[in-house]
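Enquirer: Take a look at the following structure, please.
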Amino acid sequence: MCTVCGCGISVDAEHSNNPGHAPGKSSHDHSHPHSPGHHHHEHDHLPHSHDDHEHDHQHDRTAGLLDFGNGRAGVHIAGMGQERTISIERDILSKNDAFAATNRVRLQNARVFALNLVSSPGSGKTSLLVRTITDLKDKWPIAVIEGDQQTSRDADRIRATGAPAVQINTGKGCHLDAHMVGHALDRLSIQSGSLLFVENVGNLVCPAAFDLGEAHKVVVLSVTEGEDKPLKYPDMFAAADLMLLNKSDLLPHLDFDVSACLAAAQRVNPRIRSLTVSARTGEGLAAFYSWIEERAYAVADPVP
Amino acid sequence: MHEISLVESVIALIEDERRKQGFSRVRAIRLKVGRLGHAEPEALRFCFEAVTSGTIADGAKLEIESVPGAGWCSACRRTVPLEERFSACLHCGKSYVRVTAGTELRLAEMEVE
(Lines give C-alpha, C1' and ligand atoms only; values in the text may rest on other atoms or scores of the structure.)
Protein backbone atom coordinates (compact mmCIF):
# COMPACT_ATOMS: atom_id res chain seq x y z
CA MET A 1 0.00 0.00 0.00
CA CYS A 2 1.12 3.53 -0.70
CA THR A 3 2.46 5.16 2.45
CA VAL A 4 1.64 8.61 1.16
CA CYS A 5 -2.06 8.39 0.43
CA GLY A 6 -3.08 4.90 1.50
CA CYS A 7 -3.96 3.81 -2.03
CA GLY A 8 -2.34 1.08 -4.07
CA ILE A 9 -2.19 -2.66 -3.83
CA SER A 10 0.05 -5.16 -2.16
CA VAL A 11 -0.82 -8.31 -4.09
CA ASP A 12 -0.44 -8.62 -7.82
CA ALA A 13 -0.07 -11.88 -9.63
CA GLU A 14 2.03 -11.00 -12.61
CA HIS A 15 3.50 -7.56 -11.92
CA SER A 16 2.57 -6.96 -15.49
CA ASN A 17 -0.51 -4.81 -15.58
CA ASN A 18 -0.38 -3.01 -12.29
CA PRO A 19 2.31 -0.43 -12.75
CA GLY A 20 3.51 0.93 -9.48
CA HIS A 21 5.00 4.02 -8.04
CA ALA A 22 8.06 4.29 -5.94
CA PRO A 23 7.98 7.17 -3.50
CA GLY A 24 11.20 7.62 -1.64
CA LYS A 25 13.16 4.63 -0.58
CA SER A 26 12.18 1.83 -2.91
CA SER A 27 14.13 1.24 -6.07
CA HIS A 28 11.48 -0.74 -7.97
CA ASP A 29 12.53 -0.03 -11.49
CA HIS A 30 9.11 0.89 -12.73
CA SER A 31 7.02 4.02 -12.64
CA HIS A 32 3.27 4.45 -12.87
CA PRO A 33 0.82 6.27 -15.07
CA HIS A 34 -0.88 9.33 -13.69
CA SER A 35 -4.47 8.62 -12.95
CA PRO A 36 -7.19 11.14 -12.11
CA GLY A 37 -7.42 11.92 -8.44
CA HIS A 38 -3.96 10.64 -7.71
CA HIS A 39 -2.08 13.63 -6.57
CA HIS A 40 1.48 13.02 -5.50
CA HIS A 41 4.10 12.87 -8.21
CA GLU A 42 7.27 13.80 -6.42
CA HIS A 43 9.08 10.62 -7.37
CA ASP A 44 11.27 9.85 -10.32
CA HIS A 45 9.67 8.24 -13.31
CA LEU A 46 11.88 5.76 -15.02
CA PRO A 47 11.23 4.21 -18.40
CA HIS A 48 10.26 0.59 -18.16
CA SER A 49 8.50 -2.24 -19.90
CA HIS A 50 5.33 -3.66 -18.38
CA ASP A 51 6.19 -6.99 -19.90
CA ASP A 52 9.32 -7.17 -17.86
CA HIS A 53 8.58 -8.29 -14.34
CA GLU A 54 12.10 -9.13 -13.42
CA HIS A 55 12.34 -6.26 -10.97
CA ASP A 56 14.01 -7.47 -7.88
CA HIS A 57 12.72 -5.51 -4.87
CA GLN A 58 16.13 -4.07 -4.12
CA HIS A 59 15.37 -1.82 -1.20
CA ASP A 60 18.28 0.12 0.08
CA ARG A 61 17.65 0.30 3.82
CA THR A 62 19.02 -2.90 5.23
CA ALA A 63 19.98 -6.25 3.84
CA GLY A 64 17.22 -8.74 4.55
CA LEU A 65 14.50 -6.10 4.74
CA LEU A 66 11.50 -6.16 2.42
CA ASP A 67 9.38 -3.03 2.62
CA PHE A 68 5.87 -3.39 1.27
CA GLY A 69 4.92 0.01 2.61
CA ASN A 70 5.87 1.44 -0.77
CA GLY A 71 3.23 0.04 -3.05
CA ARG A 72 1.61 0.61 -6.42
CA ALA A 73 -1.10 2.98 -7.46
CA GLY A 74 -3.97 2.26 -9.80
CA VAL A 75 -4.47 2.39 -13.50
CA HIS A 76 -6.83 4.27 -15.73
CA ILE A 77 -8.29 2.78 -18.87
CA ALA A 78 -9.58 5.05 -21.60
CA GLY A 79 -12.27 4.26 -24.14
CA MET A 80 -15.89 3.19 -24.09
CA GLY A 81 -17.68 -0.07 -24.62
CA GLN A 82 -21.12 -1.57 -24.33
CA GLU A 83 -22.70 -1.95 -20.94
CA ARG A 84 -23.12 -5.54 -19.81
CA THR A 85 -23.15 -7.77 -16.77
CA ILE A 86 -20.35 -10.28 -16.26
CA SER A 87 -20.70 -13.21 -13.90
CA ILE A 88 -17.39 -13.94 -12.19
CA GLU A 89 -17.93 -15.96 -9.00
CA ARG A 90 -14.32 -15.92 -7.91
CA ASP A 91 -13.06 -16.04 -4.36
CA ILE A 92 -11.72 -12.62 -3.40
CA LEU A 93 -8.76 -14.28 -1.70
CA SER A 94 -8.01 -16.44 -4.75
CA LYS A 95 -4.96 -14.37 -5.73
CA ASN A 96 -3.47 -14.70 -2.26
CA ASP A 97 -4.40 -18.38 -2.16
CA ALA A 98 -2.62 -18.96 -5.49
CA PHE A 99 0.57 -17.38 -4.10
CA ALA A 100 0.15 -19.47 -0.95
CA ALA A 101 -0.16 -22.66 -3.02
CA THR A 102 3.05 -21.73 -4.85
CA ASN A 103 4.82 -21.10 -1.54
CA ARG A 104 3.55 -24.43 -0.20
CA VAL A 105 4.90 -26.38 -3.18
CA ARG A 106 8.19 -24.53 -2.95
CA LEU A 107 8.52 -25.31 0.77
CA GLN A 108 7.63 -28.95 0.21
CA ASN A 109 10.21 -29.28 -2.56
CA ALA A 110 12.84 -27.80 -0.24
CA ARG A 111 11.62 -30.10 2.57
CA VAL A 112 10.90 -27.10 4.80
CA PHE A 113 8.32 -27.33 7.61
CA ALA A 114 6.70 -23.90 8.04
CA LEU A 115 4.66 -22.52 10.93
CA ASN A 116 2.79 -19.20 10.85
CA LEU A 117 2.82 -17.62 14.32
CA VAL A 118 -0.09 -15.26 14.95
CA SER A 119 -1.13 -13.28 18.02
CA SER A 120 -1.95 -9.84 19.32
CA PRO A 121 1.03 -7.53 19.88
CA GLY A 122 2.99 -8.26 23.03
CA SER A 123 2.07 -11.92 23.50
CA GLY A 124 5.75 -12.86 23.44
CA LYS A 125 6.06 -14.38 19.96
CA THR A 126 9.60 -13.16 19.39
CA SER A 127 10.82 -14.21 22.84
CA LEU A 128 9.22 -17.60 22.25
CA LEU A 129 11.01 -17.89 18.91
CA VAL A 130 14.37 -16.85 20.34
CA ARG A 131 14.01 -19.50 23.05
CA THR A 132 12.81 -22.16 20.58
CA ILE A 133 15.68 -21.49 18.18
CA THR A 134 18.21 -21.58 21.01
CA ASP A 135 16.84 -24.92 22.22
CA LEU A 136 16.43 -26.56 18.79
CA LYS A 137 19.20 -25.12 16.64
CA ASP A 138 21.61 -27.97 17.28
CA LYS A 139 18.94 -30.39 16.15
CA TRP A 140 17.31 -28.64 13.20
CA PRO A 141 18.32 -26.01 10.67
CA ILE A 142 15.99 -23.05 11.39
CA ALA A 143 15.07 -19.90 9.46
CA VAL A 144 12.68 -17.06 10.29
CA ILE A 145 10.54 -14.54 8.41
CA GLU A 146 9.57 -11.58 10.59
CA GLY A 147 6.56 -9.37 9.85
CA ASP A 148 6.09 -5.94 11.41
CA GLN A 149 4.76 -2.60 10.25
CA GLN A 150 8.11 -0.92 10.87
CA THR A 151 11.69 -1.62 12.03
CA SER A 152 13.90 -4.69 11.80
CA ARG A 153 14.17 -5.09 15.57
CA ASP A 154 12.63 -8.54 15.65
CA ALA A 155 14.81 -9.88 12.83
CA ASP A 156 17.85 -8.46 14.64
CA ARG A 157 16.85 -10.39 17.78
CA ILE A 158 16.46 -13.58 15.75
CA ARG A 159 19.79 -13.13 13.93
CA ALA A 160 21.49 -12.81 17.31
CA THR A 161 20.66 -16.50 17.83
CA GLY A 162 22.55 -17.35 14.65
CA ALA A 163 19.46 -18.23 12.60
CA PRO A 164 18.95 -16.51 9.22
CA ALA A 165 16.05 -14.06 9.27
CA VAL A 166 14.33 -11.75 6.79
CA GLN A 167 12.27 -8.81 8.02
CA ILE A 168 9.17 -7.82 6.06
CA ASN A 169 7.90 -4.34 6.83
CA THR A 170 4.25 -4.04 5.84
CA GLY A 171 4.08 -0.24 6.15
CA LYS A 172 0.42 0.50 6.83
CA GLY A 173 -0.47 -3.14 6.22
CA CYS A 174 -1.95 -5.10 9.09
CA HIS A 175 -0.96 -8.63 8.05
CA LEU A 176 1.46 -10.62 5.93
CA ASP A 177 0.16 -11.98 2.63
CA ALA A 178 1.45 -14.88 0.59
CA HIS A 179 2.97 -12.60 -2.05
CA MET A 180 5.19 -10.88 0.55
CA VAL A 181 6.24 -14.25 1.96
CA GLY A 182 7.15 -15.47 -1.54
CA HIS A 183 9.54 -12.54 -1.89
CA ALA A 184 10.93 -13.17 1.58
CA LEU A 185 11.62 -16.78 0.54
CA ASP A 186 13.59 -15.39 -2.43
CA ARG A 187 15.75 -13.48 0.02
CA LEU A 188 16.16 -16.06 2.72
CA SER A 189 19.05 -18.46 2.37
CA ILE A 190 17.05 -21.35 3.69
CA GLN A 191 18.71 -24.70 4.11
CA SER A 192 16.93 -27.76 2.78
CA GLY A 193 15.24 -29.69 5.57
CA SER A 194 14.74 -26.60 7.78
CA LEU A 195 12.08 -25.52 10.18
CA LEU A 196 10.71 -22.13 9.07
CA PHE A 197 8.93 -19.84 11.51
CA VAL A 198 6.92 -16.97 10.06
CA GLU A 199 6.15 -14.41 12.74
CA ASN A 200 3.10 -12.53 11.51
CA VAL A 201 2.23 -8.91 12.30
CA GLY A 202 0.86 -8.65 15.85
CA ASN A 203 -2.86 -8.55 15.12
CA LEU A 204 -5.53 -10.99 16.24
CA VAL A 205 -7.92 -10.22 13.37
CA CYS A 206 -6.51 -9.73 9.87
CA PRO A 207 -3.84 -12.46 9.54
CA ALA A 208 -6.54 -15.11 10.03
CA ALA A 209 -7.79 -14.69 6.46
CA PHE A 210 -4.43 -14.95 4.69
CA ASP A 211 -2.91 -18.33 3.96
CA LEU A 212 0.86 -17.92 3.56
CA GLY A 213 1.60 -21.49 2.48
CA GLU A 214 2.41 -22.66 6.00
CA ALA A 215 1.80 -26.16 7.33
CA HIS A 216 0.00 -24.84 10.42
CA LYS A 217 -1.04 -21.60 12.06
CA VAL A 218 -0.01 -21.39 15.71
CA VAL A 219 -1.83 -18.78 17.79
CA VAL A 220 0.03 -17.40 20.81
CA LEU A 221 -2.03 -15.95 23.64
CA SER A 222 -0.44 -14.63 26.81
CA VAL A 223 -1.99 -14.97 30.25
CA THR A 224 -1.86 -11.19 30.69
CA GLU A 225 -4.67 -11.01 28.12
CA GLY A 226 -8.27 -11.99 28.84
CA GLU A 227 -9.22 -15.67 28.95
CA ASP A 228 -12.19 -14.88 26.69
CA LYS A 229 -9.98 -13.75 23.77
CA PRO A 230 -10.84 -16.89 21.73
CA LEU A 231 -14.54 -15.96 21.91
CA LYS A 232 -13.90 -12.30 21.10
CA TYR A 233 -11.59 -13.07 18.15
CA PRO A 234 -12.94 -16.42 16.95
CA ASP A 235 -11.61 -16.26 13.38
CA MET A 236 -7.99 -16.52 14.47
CA PHE A 237 -8.59 -19.37 16.90
CA ALA A 238 -10.70 -21.18 14.32
CA ALA A 239 -7.86 -20.90 11.78
CA ALA A 240 -5.13 -22.17 14.14
CA ASP A 241 -4.19 -25.79 14.84
CA LEU A 242 -2.30 -25.05 18.06
CA MET A 243 -2.74 -22.46 20.82
CA LEU A 244 0.25 -21.62 22.99
CA LEU A 245 -0.78 -20.02 26.27
CA ASN A 246 2.39 -18.06 27.00
CA LYS A 247 3.85 -16.31 30.07
CA SER A 248 2.67 -19.06 32.42
CA ASP A 249 5.34 -17.90 34.91
CA LEU A 250 3.08 -14.89 35.60
CA LEU A 251 0.04 -17.00 36.53
CA PRO A 252 0.64 -16.79 40.32
CA HIS A 253 0.27 -13.01 40.07
CA LEU A 254 -2.90 -12.98 37.97
CA ASP A 255 -6.54 -14.02 38.13
CA PHE A 256 -6.31 -15.65 34.71
CA ASP A 257 -8.48 -18.80 34.51
CA VAL A 258 -6.51 -21.26 32.36
CA SER A 259 -9.25 -23.87 32.10
CA ALA A 260 -11.80 -21.21 31.05
CA CYS A 261 -9.40 -20.05 28.35
CA LEU A 262 -8.81 -23.57 27.06
CA ALA A 263 -12.59 -24.18 27.06
CA ALA A 264 -13.15 -20.97 25.09
CA ALA A 265 -10.59 -22.04 22.48
CA GLN A 266 -12.17 -25.49 22.23
CA ARG A 267 -15.59 -23.94 21.79
CA VAL A 268 -14.44 -21.91 18.80
CA ASN A 269 -12.33 -24.72 17.37
CA PRO A 270 -12.99 -28.23 18.73
CA ARG A 271 -9.83 -29.53 16.98
CA ILE A 272 -7.38 -26.99 18.43
CA ARG A 273 -4.55 -28.33 20.60
CA SER A 274 -3.48 -26.16 23.54
CA LEU A 275 -0.21 -26.01 25.46
CA THR A 276 0.63 -23.80 28.44
CA VAL A 277 4.18 -22.50 28.16
CA SER A 278 6.62 -19.89 29.41
CA ALA A 279 9.24 -18.59 27.00
CA ARG A 280 10.97 -17.10 30.05
CA THR A 281 11.32 -20.19 32.26
CA GLY A 282 10.99 -22.85 29.57
CA GLU A 283 7.95 -24.44 31.24
CA GLY A 284 5.90 -26.50 28.80
CA LEU A 285 8.24 -25.90 25.87
CA ALA A 286 9.28 -29.56 25.66
CA ALA A 287 5.66 -30.34 24.70
CA PHE A 288 5.75 -27.60 22.06
CA TYR A 289 8.96 -29.01 20.60
CA SER A 290 7.41 -32.48 20.52
CA TRP A 291 4.36 -31.06 18.73
CA ILE A 292 6.66 -29.50 16.12
CA GLU A 293 8.86 -32.55 15.68
CA GLU A 294 5.98 -35.03 15.36
CA ARG A 295 4.89 -33.07 12.30
CA ALA A 296 8.26 -31.89 11.01
CA TYR A 297 9.79 -35.35 10.66
CA ALA A 298 7.40 -36.04 7.79
CA VAL A 299 8.71 -32.99 5.92
CA ALA A 300 12.09 -31.75 7.11
CA ASP A 301 15.36 -33.31 8.28
CA PRO A 302 17.06 -33.02 11.64
CA VAL A 303 20.75 -32.19 11.67
CA PRO A 304 22.62 -35.52 11.38
CA MET B 1 -8.39 -3.29 8.47
CA HIS B 2 -7.64 -6.13 6.05
CA GLU B 3 -10.73 -5.06 4.12
CA ILE B 4 -8.41 -2.65 2.26
CA SER B 5 -6.42 -5.65 1.02
CA LEU B 6 -9.64 -7.44 0.12
CA VAL B 7 -10.84 -4.52 -2.03
CA GLU B 8 -7.38 -4.44 -3.64
CA SER B 9 -7.81 -8.15 -4.40
CA VAL B 10 -11.20 -7.42 -5.97
CA ILE B 11 -9.53 -4.82 -8.23
CA ALA B 12 -6.88 -7.40 -9.21
CA LEU B 13 -9.65 -9.89 -10.16
CA ILE B 14 -11.39 -7.19 -12.19
CA GLU B 15 -8.12 -6.46 -13.99
CA ASP B 16 -7.86 -10.18 -14.82
CA GLU B 17 -11.35 -10.06 -16.22
CA ARG B 18 -10.66 -6.89 -18.19
CA ARG B 19 -7.76 -8.61 -19.93
CA LYS B 20 -10.06 -11.49 -20.91
CA GLN B 21 -13.25 -9.63 -21.73
CA GLY B 22 -12.15 -6.11 -22.66
CA PHE B 23 -14.13 -3.31 -21.02
CA SER B 24 -13.24 0.20 -20.05
CA ARG B 25 -15.36 0.97 -17.04
CA VAL B 26 -17.00 -0.86 -14.15
CA ARG B 27 -20.42 0.50 -13.17
CA ALA B 28 -21.29 -1.89 -10.36
CA ILE B 29 -19.63 -4.68 -8.38
CA ARG B 30 -21.54 -7.37 -6.51
CA LEU B 31 -19.86 -9.23 -3.68
CA LYS B 32 -21.14 -12.16 -1.65
CA VAL B 33 -19.95 -11.88 1.92
CA GLY B 34 -20.72 -14.63 4.42
CA ARG B 35 -21.76 -13.56 7.91
CA LEU B 36 -19.33 -16.05 9.45
CA GLY B 37 -16.46 -15.04 7.18
CA HIS B 38 -13.44 -12.81 7.57
CA ALA B 39 -14.83 -9.54 6.20
CA GLU B 40 -17.03 -6.86 7.66
CA PRO B 41 -19.40 -5.38 5.02
CA GLU B 42 -19.35 -1.95 6.64
CA ALA B 43 -15.54 -1.89 6.60
CA LEU B 44 -15.54 -2.95 2.92
CA ARG B 45 -17.94 -0.11 2.11
CA PHE B 46 -15.91 2.31 4.20
CA CYS B 47 -12.68 1.81 2.27
CA PHE B 48 -14.15 0.97 -1.16
CA GLU B 49 -14.21 4.47 -2.61
CA ALA B 50 -10.70 5.35 -1.45
CA VAL B 51 -9.15 2.09 -2.64
CA THR B 52 -10.88 2.04 -6.05
CA SER B 53 -10.09 5.71 -6.76
CA GLY B 54 -7.98 5.99 -9.90
CA THR B 55 -8.46 2.31 -10.80
CA ILE B 56 -10.61 0.54 -13.37
CA ALA B 57 -13.33 0.42 -10.70
CA ASP B 58 -13.26 4.17 -9.98
CA GLY B 59 -16.82 5.34 -9.39
CA ALA B 60 -18.32 1.85 -9.37
CA LYS B 61 -21.28 1.11 -7.16
CA LEU B 62 -20.66 -1.53 -4.51
CA GLU B 63 -23.43 -4.02 -3.72
CA ILE B 64 -22.89 -6.57 -0.98
CA GLU B 65 -25.08 -9.63 -0.60
CA SER B 66 -24.85 -10.89 2.96
CA VAL B 67 -24.92 -14.71 3.04
CA PRO B 68 -26.40 -16.19 6.24
CA GLY B 69 -24.47 -18.78 8.22
CA ALA B 70 -25.51 -22.40 8.44
CA GLY B 71 -24.05 -25.56 9.90
CA TRP B 72 -24.56 -29.29 10.27
CA CYS B 73 -25.75 -30.41 13.70
CA SER B 74 -24.56 -33.94 14.31
CA ALA B 75 -27.16 -34.44 17.07
CA CYS B 76 -30.18 -33.27 15.05
CA ARG B 77 -28.65 -34.66 11.85
CA ARG B 78 -29.73 -31.66 9.83
CA THR B 79 -28.56 -28.27 8.64
CA VAL B 80 -29.39 -25.47 11.04
CA PRO B 81 -29.03 -21.68 10.88
CA LEU B 82 -25.92 -20.30 12.59
CA GLU B 83 -25.51 -16.76 13.88
CA GLU B 84 -21.96 -17.19 15.16
CA ARG B 85 -19.19 -19.58 14.24
CA PHE B 86 -19.23 -21.33 17.63
CA SER B 87 -22.97 -21.23 18.39
CA ALA B 88 -24.78 -24.23 19.78
CA CYS B 89 -27.62 -25.70 17.70
CA LEU B 90 -30.74 -23.52 17.74
CA HIS B 91 -32.91 -26.65 17.97
CA CYS B 92 -31.20 -29.00 20.43
CA GLY B 93 -29.05 -26.37 22.12
CA LYS B 94 -26.29 -28.72 23.13
CA SER B 95 -24.22 -29.94 20.24
CA TYR B 96 -21.52 -28.02 18.51
CA VAL B 97 -22.35 -27.34 14.91
CA ARG B 98 -19.93 -27.68 12.00
CA VAL B 99 -20.05 -24.63 9.73
CA THR B 100 -21.25 -25.45 6.21
CA ALA B 101 -22.22 -22.02 4.83
CA GLY B 102 -21.64 -18.35 5.51
CA THR B 103 -17.88 -18.12 5.13
CA GLU B 104 -17.93 -16.99 1.48
CA LEU B 105 -16.02 -13.99 0.27
CA ARG B 106 -16.65 -13.83 -3.45
CA LEU B 107 -16.72 -11.42 -6.34
CA ALA B 108 -20.03 -12.58 -7.80
CA GLU B 109 -20.59 -10.35 -10.83
CA MET B 110 -20.20 -6.87 -12.18
CA GLU B 111 -21.75 -4.46 -14.63
CA VAL B 112 -19.28 -3.09 -17.14
CA GLU B 113 -19.25 -0.95 -20.23
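Enquirer: Conditions: (1) away from every other protein chain (no Cβ under 12 Å); (2) touching a Phe, Trp or Tyr at 6+ places or on another chain (Cβ under 7 Å). B:Ala60 meets all but one. Number of the miss?
Expert: Of the numbered conditions (1) away from every other protein chain (no Cβ under 12 Å); (2) touching a Phe, Trp or Tyr at 6+ places or on another chain (Cβ under 7 Å), the odd one out for B:Ala60 is (2).
Enquirer: Moving to a separate point now. Do we have A:Met236 as in a helix (DSSP H, G or I) and within 29 Å of A:Leu65 (Cα to Cα) here?
Expert: It is true that A:Met236 is in a helix (DSSP H, G or I) and within 29 Å of A:Leu65 (Cα to Cα).
Enquirer: For the range A:212-234, name all the residues that are in contact with a helix residue (DSSP H, G or I) (Cβ under 6 Å, 6 or more places away or on another chain), buried (at least 20 other Cβ atoms within 10 Å of the Cβ) and not β-branched (Val, Ile, Thr).
Expert: Matches in the range A:212-234: A:Leu212, A:Gly213, A:Lys217, A:Leu221, A:Glu227, A:Pro230, A:Pro234.
Enquirer: What residue, among those in the range A:247-304 that are of a type in the set (Val, Ile, Thr) and part of a helix (DSSP H, G or I), is nearest to A:Asp235 (Cα to Cα)?
Expert: In this case the residue turns out to be A:Val268.
Enquirer: Also, quick follow-up: Is it true that B:Val97 is more than 7 Å from chain A (Cβ to nearest Cβ), buried (at least 22 other Cβ atoms within 10 Å of the Cβ) and without any contact (Cβ under 8 Å) to a residue 40 or more places away in the chain?
Expert: It is true that B:Val97 is more than 7 Å from chain A (Cβ to nearest Cβ), buried (at least 22 other Cβ atoms within 10 Å of the Cβ) and without any contact (Cβ under 8 Å) to a residue 40 or more places away in the chain.
Enquirer: While we're here: Consider the range B:2-17. How many of its residues are within 14 Å of A:Ile88 (Cα to Cα) and not in a helix (DSSP H, G or I)?
Expert: Qualifying residue count, the range B:2-17: 0.
Enquirer: Further question on the same structure: Kindly indicate whether B:Val67 is surrounded by 14 or more Cβ atoms within 10 Å (Cβ to Cβ), touching an Asp or Glu at 6+ places or on another chain (Cβ under 6 Å), more than 10 Å from every other protein chain (Cβ to nearest Cβ) and not hydroxyl-bearing (Ser, Thr, Tyr).
Expert: Spelling it out, B:Val67 is indeed surrounded by 14 or more Cβ atoms within 10 Å (Cβ to Cβ), touching an Asp or Glu at 6+ places or on another chain (Cβ under 6 Å), more than 10 Å from every other protein chain (Cβ to nearest Cβ) and not hydroxyl-bearing (Ser, Thr, Tyr).
Enquirer: A follow-up question, please. Please go through the range B:73-89 and give me each residue that is within 16 Å of A:Ala238 (Cβ to Cβ) and at pLDDT 90 or above, ordered by number.
Expert: Of everything in the range B:73-89, just one residue is within 16 Å of A:Ala238 (Cβ to Cβ) and at pLDDT 90 or above, namely B:Leu82.
Enquirer: Continuing with the same structure: Within the range B:50-105, track down each residue that is of a type in the set (Ser, Thr, Tyr) and either in a loop (DSSP other than H, G, I, E, B) or within 18 Å of A:Glu89 (Cβ to Cβ) (or both).
Expert: Within the range B:50-105, B:Ser53, B:Thr55, B:Ser66, B:Ser74, B:Ser87, B:Ser95, B:Thr103 qualify.
Enquirer: Further, regarding this structure: With the requirement that a residue be surrounded by 22 or more Cβ atoms within 10 Å (Cβ to Cβ) and in a strand (DSSP E or B), what does the range B:18-33 give you?
Expert: If the condition is that a residue be surrounded by 22 or more Cβ atoms within 10 Å (Cβ to Cβ) and in a strand (DSSP E or B), then B:Val26, B:Ile29, B:Leu31, B:Val33 are the ones that fit.
Enquirer: For A:Ala178, are the conditions met, namely being under 12 Å from the mean Cα position of the chain (by Cα), within 21 Å of A:Glu146 (Cα to Cα) and away from every other protein chain (no Cβ under 14 Å)?
Expert: no
The values are calculated or read from the model by the stated rules, or taken from the named source; none is laboratory data. Just so it is clear, the model here is predicted, and its values are computed rather than measured. Here the Cβ is made from the backbone with ideal geometry for all residues, glycine too, and neighbour counts use every protein chain on show.
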